[in-house]
Amino acid sequence: MNRLARRKLVSALMFGLTGICTLLTISSLFFILGYLLWHGIRSINLEFFTQLPKPPGEVGGGMANAIAGSAEIIFLATFIGMPVGFLAGVYLSEYGEDKFSFVVRYATDLLNGVPSIVIGIFAYALVVVPLGHFSILAGSVALSVIFIPIAVRTTEQFLQDVPHAFREAALALGAPKWKAIATAVVPAAFSALATGMLLAVARIAGETAPLLFTSFSNQFWSLSPNQPSASLPVMIFTYAISPYRDWHRQAWAAGLVLLALVLFINVSARLLLPRRVFK
Amino acid sequence: MTAAAKTKSSAVEPHAAALAQTAQKLTVSHLNFFYGMHQALYDVSLEVEANRITALIGPSGCGKSTFLRVLNRMNETVKGSRAEGSVFLDNDNIFDLDITLLRRRVGMVFQKANPFPKSIFNNVAYGLRINGLCSRWELSGAVENSLRRAALWDEVKDQLHKSAYALSGGQQQRLCIARALAVNPEVLLLDEPSSALDPIATSKIEELLFQLKRSCTIVVITHNMQQAARISDRTGFFLLGRLVEINETATMFRNPSRTETEDYITGRFG
């Protein structure tokens, strides 16, 4: 009887513990959201989106160049990373049954785990050193290296989810294999693939370390891919460690804008994800 | 004397005259098939007659599906599979034909309806498009024609741009038949096309096959003995990877020459 009571007590305790841990997990998200919103919302104004940064000491100014720079870096990184990741994913899903593809799969997972600062060094050596200066292109190359393994594995996963019956139906109509993939398999997974790509975009949007010594930073407008440019994550980093109160204020605003962007991409990706049309 | 001899021989083989007239669409000789080390078909030889329905029966795992999938070389998608022997489609050995050309001539309908997640129109047009037909006008003519041949036109003509998944199971299967017919195959292979359908949808498919044999040679696998008896002209019985017997359906069901066949069709096993 006593033993039974003890068991019940332990069970209740453990149940309470799992609940507390769950609460901790989700509350950290809401804490970050709330804290950013609290500090950021007061600093966001029209100037923030339309003006260039002011020199230290002057009040006001915005991060228009960093917002545009981030957009350009992310766009270019997606432009490089998406086709490479997509086609490699198609290879793994549709052609990869041998030892080689096992190696590719494993290497992709390893690449996914490489610390982003190391990827930054890689892009520095690959692009910055030969060109002799920082550039948007270098930042995009760094981010695309992060983009590719994510795109590869999501593409492979979503194509594997396409029922084998679609492949057979296309082949039985006399489609060569590549055509069956292009016209039956990929379209069937299209919205799932779009979701995967968007999540990869959201993932690279917040990366800071690889940009520090690739796209670097810039006080002015610079949309040429061959020039260094400001970007939101780097601006947050620079402004947050600066001694100026007004810069801290702007760093909060930039953090809020970046988080809102990532959340927006994430949520639209989830909405795009199809209700399972095929059984 | 000669006349008497003739009469006698035609009494013994009532189908001899008919057989002489029907062309052999497919001629399979000494076909062995392997999945890796496992042999799935043993020395199968048979002829499929043009514009007739050939039914293949036999217990699960007897090799009839494997056999069917050899005829359009769908089995080659299985890694490590291998065929020995020859299969002639008219005068061409199918193993020498380009695989895509072969599959355009020998269409296939699967056990479970597998329309693409596209509109009804685009499902039927699929085979034409991948073969390079793009003109809207020609496509819609061909799509209508195929849907009519599959006895589906009247049911879907006002909703061609709806998703194929809006159709019932039986309609989906007829849509798959229409999709296969669109590329004008000479032979249509069907792997238990009505096993997932209710009796009404099944009878529609059966009627349809009956209509289709005028323009097409049909090979159909069925688990349903009554279905084989109802629709087919000839029936082949597979057991353990071997073709036990193939004959005119009437003969096969009334007077099978092998005891295994008789045991199976009378339900003593399988």
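The values are calculated or read from the model by the stated rules, or taken from the named source; none is laboratory data. Please read all numbers here as calculations on a predicted model, not as lab measurements. Neighbour counts run over all protein chains shown; Cβ positions are idealised from the backbone, glycine included.
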TODO: Keeping to region B:255-269, report how many residues are under 23 Å from the mean Cα position of the chain (by Cα) and either loosely packed, with under 11 Cβ neighbours inside 10 Å or farther than 19 Å from B:Lys64 by Cβ (or both).
DONE: 0
Open item on the list: Any residue that is assigned by TED's automatic domain parsing to the domain that holds A:Leu212 and part of a helix (DSSP H, G or I) - is there at least one of those in region A:51-65?
Closed with: yes
Open item on the list: Is it the case, given these coordinates, that B:Ser86 is closer than 23 Å to B:Thr54 by Cα and touching a residue at least 12 places away in the same chain (Cβ under 8 Å)?
Closed with: yes
TODO: Check region A:223-238 and report whether any residue there is free of Cβ contacts under 8 Å to residues at least 24 places away in the same chain and out of contact with any strand residue (DSSP E or B) (no Cβ under 7 Å at 6 or more places or on another chain).
DONE: yes
TODO: Determine whether region B:75-88 contains at least one residue that is among the basic types (Lys, Arg), surrounded by 21 or more Cβ atoms within 10 Å (Cβ to Cβ), within 14 Å of chain A (Cβ to nearest Cβ) and over 26 Å from B:Gly267 (Cα atoms).
DONE: no
TODO: Sort through A:Tyr106, A:Tyr91 and tell me the only one that's surrounded by 11 or more Cβ atoms within 10 Å (Cβ to Cβ) and hydroxyl-bearing (Ser, Thr, Tyr).
DONE: A:Tyr91
- [ ] With the condition kept exactly as written, say whether any residue in region B:56-70 is crowded, with 17+ Cβ neighbours inside 10 Å, part of a strand (DSSP E or B), in contact with a Phe, Trp or Tyr (Cβ under 8 Å, 6 or more places away or on another chain) and away from chain A (no Cβ under 14 Å).
- [x] yes
Open item on the list: Could you list, ordered by first residue, the pairs with Cβ atoms under 9 Å in which the first is in region A:92-114 and within 14 Å of chain B (Cβ to nearest Cβ) and the second is not in a helix (DSSP H, G or I), at least 6 apart or interchain?
Closed with: A:Glu97/B:Lys79
- [ ] Look at region A:155-194 and say how many of its residues are in contact (Cβ under 8 Å) with a residue 40 or more places away in the chain, crowded, with 23+ Cβ neighbours inside 10 Å and at the interface with chain B (Cβ under 9 Å from one of its Cβ atoms).
- [x] 1
Task: A:Glu168 in a helix (DSSP H, G or I), touching a strand residue (DSSP E or B) at 6+ places or on another chain (Cβ under 9 Å) and not basic (Lys, Arg) - done: yes
- [ ] Counting only residues that are among the charged types (D, E, K, R) and within 14 Å of chain A (Cβ to nearest Cβ), give me the helices (runs of 4 or more DSSP H) lying completely in region B:134-224 with at least 1 of them.
- [x] B:169-181
Open item on the list: Name the single residue that is nearest to the chain's Cα centre (by Cα) among those in region A:89-144 being part of a helix (DSSP H, G or I) and of a type in the set (D, E, K, R).
Closed with: A:Asp109
TODO: Name the residue, out of B:Ser60, B:Ser65, B:Ser135, that is within 15 Å of the chain's Cα centre (by Cα) and more than 19 Å from A:Lys177 (Cβ to Cβ).
DONE: B:Ser65
- [ ] Could you list, in sequence order, all residues of region B:98-125 that are more than 7 Å from chain A (Cβ to nearest Cβ), touching a helix residue (DSSP H, G or I) at 6+ places or on another chain (Cβ under 8 Å), closer than 17 Å to B:Val220 by Cα and in a loop (DSSP other than H, G, I, E, B)?
- [x] B:Ala113
